[in-house]
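Please read the structure below before turning to the comments.
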Amino acid sequence: MRFTTAETDAYVAWGTLQTLFPTRTACGATYRSARGPFSLGDEEAWRCDQADARALDAAFSYSSPERASLYERLAELLDLFPDTEAACAAVAQGRTLSEAQLATLHRAIHLAIALDAALAQASLRFSWWDSAAAPPFIQLVGGEPAFCLDALDATLRAASDASARARLALDQGKRNVSRALHEAYGRAMRRDGTLIAPLYDAREAEMLRDPRLRLRLTTREERVYDVVEDAALTRATAQRDACEGVVRRLRAEVLARVSATLAKDSQTLDALMVQIGRLDDLFGRVAARQRAGFVWSELGDAPELYAGRPPFYAAFQPVDIALKTRVTLLTGMNMGGKSAALRTLLSAQLLHQWGAPVYASAYRAPLYKALRYEGGHG
């Protein structure tokens with residue numbers, strides 16, 4: 001049985017209502033979608049979730065002399081958290097990660113450690129939060145804040161250094177050739193390896209005989225020469241290409257090795273992302289309460305709403321509603337507020353079952369298996 005119907009969601013504008021407590025990360029959106037609302041029989045889980053929410057609510061004002069408030073710190077870190085879905089899927093399937101995917105995981109793991117540190121500084125711990133989940137991955141993805149694949153393997157690092165030296169040597173050789181041509185003909189070699197001189201240049205005959213130059217074409221106004229590599233440049237180019245080939249091979253080997261090691265512990269990695277998603281979901285609900293002045297609801301035998309208002313209509317006349325019988329009849333004149341009162345109550349119950357704060361002075365209600373609104377003309 002679906003918890004609500006499309007008509008019920010439309011009646012309370014549930015899609016808009018959820019924007020009151022948005023998630024900040026892809027992990028958070030995935031977690032919230034997967035967990036859904038609390039339902040009949042989830043009372044103990046609801047109480048534990050509300051205890052976590054109230055603890056985070058109380059800790060939001062924590063700050064140290066050198067740091068911002070916990071709210072600001074968590075908001076900053078969650079906003080920086082990358083979308084790891086593709087990278088985690090590749091790990092779970094045993095595929096070799098791309099360098100970009102490994103960089104994404106590197107960033108996520110370092111941010112997870114920073115989130116753990118922020119919670120620890122506020123002396124805040126949840127039963128589902130595993131402080132030891134992220135650190136074991138640091139050796140695999142790199143311990144430095146900035147990602148660098150070369151840092152994961154000494155052989156790759158040495159090959160990259162050798163490749164950099166080969167590129168520098170080739171660039172220096174090209175600069176030497178360009179300088180010599182400039183001294184001889186007063187013209188510099190262009191980046192595409194050509195030299196251009198106007199027709200009837202005083203040194204035209206000399207340029208045509210120069211073994212360093214090969215005539216490519218003649219136009220009405222100029223001659224275009226290709227600059228021919230000498231033996232030294234040819235060797236330097238070959239050395240650069242060889243070094244770059246070694247680097248490409250080693251990078252592929254390092255990515256394959258790290259991917260295989262991560263795949264052995266893919267369940268822990270997935271659990272870490274779920275943990276981040278759960279924190280993000282909790283953060284969104286607590287931030288909504290502090291931002292909009294909502295209240296945390298309580299479990300009760302029947303729905304009891306006090307000074308309830310529609311979340312998007314702060315000027316609405318507050319209503320008190322207590323449904324203590326199986327059937328409640330609400331009467332009144334046309335445009336007297338009956339539908340608005342029902343919408344207010346239904347919105348409060350939906351927020352209550354999602355563990356979100358309610359726009360009222362107090363709200364108590366049980367958890368139901370499903371909520372339905374049936375109404376309208378005809």
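What single numbered condition from (1) among the aliphatic types (A, V, I, L, M); (2) at pLDDT 95 or above; (3) not in a helix (DSSP H, G or I) fails to hold for residue 302?
Here residue 302 meets the rest and fails (2).
Open to solvent by less than 10 Å² (accessible area, probe 1.4 Å), in contact (Cβ under 8 Å) with a residue 40 or more places away in the chain and under 30 Å from residue 32 (Cα atoms): which single residue out of 270, 265, 281 fits that description?
Numbers: 270 fails: open to solvent by less than 10 Å² (accessible area, probe 1.4 Å); 265 fails: open to solvent by less than 10 Å² (accessible area, probe 1.4 Å).
Answer to the check: 281.
Among the residues of region 343-360, count how many are touching a strand residue (DSSP E or B) at 6+ places or on another chain (Cβ under 9 Å) and not in a loop (DSSP other than H, G, I, E, B). Quick ask: steps written out before the conclusion?
In the first step, residues of region 343-360 are kept if they are touching a strand residue (DSSP E or B) at 6+ places or on another chain (Cβ under 9 Å); the result is 344-345, 347-349, 351-353, 357-360.
If we keep only those that are not in a loop (DSSP other than H, G, I, E, B) as well, we get 344-345, 347-349, 351-353, 358.
Counting residues in region 343-360 that are touching a strand residue (DSSP E or B) at 6+ places or on another chain (Cβ under 9 Å) and not in a loop (DSSP other than H, G, I, E, B) gives 9.
Determine whether region 260-283 contains at least one residue that is touching a strand residue (DSSP E or B) at 6+ places or on another chain (Cβ under 6 Å) and of a type in the set (A, V, I, L, M, F, W, C).
As a first pass, look at region 260-283 and keep what is touching a strand residue (DSSP E or B) at 6+ places or on another chain (Cβ under 6 Å): none.
The answer is no, given that none of the residues of region 260-283 is touching a strand residue (DSSP E or B) at 6+ places or on another chain (Cβ under 6 Å) and of a type in the set (A, V, I, L, M, F, W, C).
Does any residue in region 1-14 that is small (Gly, Ala, Ser) come within less than 7 Å, Cβ to Cβ, of a residue that is surrounded by 18 or more Cβ atoms within 10 Å (Cβ to Cβ) and in a helix (DSSP H, G or I) six or more places away or on a different chain, and which pairs are these?
none
Taking only pairs six or more apart or across chains, which ones have beta-carbon atoms under 6 Å, a first residue in region 158-171 that is in contact (Cβ under 8 Å) with a residue 60 or more places away in the chain and open to solvent by 60 Å² or more (accessible area, probe 1.4 Å), and a second residue that is of a type in the set (D, E, K, R) and assigned to a helix (DSSP H, G or I)?
Taking only residues 6 or more apart or on different chains, the pairs are 167/240.
Okay, residues lined up against (1) of a type in the set (Asp, Glu); (2) crowded, with 17+ Cβ neighbours inside 10 Å; (3) out of contact with any Lys or Arg (no Cβ under 9 Å at 6 or more places or on another chain):
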| position | (1), (2), (3) |
| --- | --- |
| 299 | no, no, no |
| 334 | no, no, yes |
| 357 | no, yes, no |
| 366 | no, no, yes |
| 372 | no, no, yes |
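Given the condition out of contact with any Leu (no Cβ under 8 Å at 6 or more places or on another chain), of a type in the set (S, T, N, Q) and not in a loop (DSSP other than H, G, I, E, B), answer yes or no: does some residue in region 203-219 qualify?
No, region 203-219 contains no residue that is out of contact with any Leu (no Cβ under 8 Å at 6 or more places or on another chain), of a type in the set (S, T, N, Q) and not in a loop (DSSP other than H, G, I, E, B).
Looking only at region 305-320, filter to residues that are in a strand (DSSP E or B) and touching a Ser or Thr at 6+ places or on another chain (Cβ under 8 Å); which one of those is surrounded by the most Cβ atoms within 10 Å (Cβ to Cβ)? Even if it seems obvious, please write down each step before you answer.
Just the residues of region 305-320 that are in a strand (DSSP E or B), to begin with: 305-308, 319-320.
Among the residues that remain, those that are also touching a Ser or Thr at 6+ places or on another chain (Cβ under 8 Å) are: 305-308, 319.
Numbers: 305: 28, 306: 15, 307: 14, 308: 23, 319: 18.
Among those that are in a strand (DSSP E or B) and touching a Ser or Thr at 6+ places or on another chain (Cβ under 8 Å), it is 305.
The values are calculated or read from the model by the stated rules, or taken from the named source; none is laboratory data. None of these values were measured; they are calculated from a predicted model. All Cβ positions, even for glycine, are placed from backbone atoms using ideal geometry, and neighbour counts span all protein chains on display. Remember, those area values only see protein heavy atoms, side chains included, never the ligands or the DNA or RNA. Shrake-Rupley method; radii C 1.70, N 1.55, O 1.52, S 1.80 Å.
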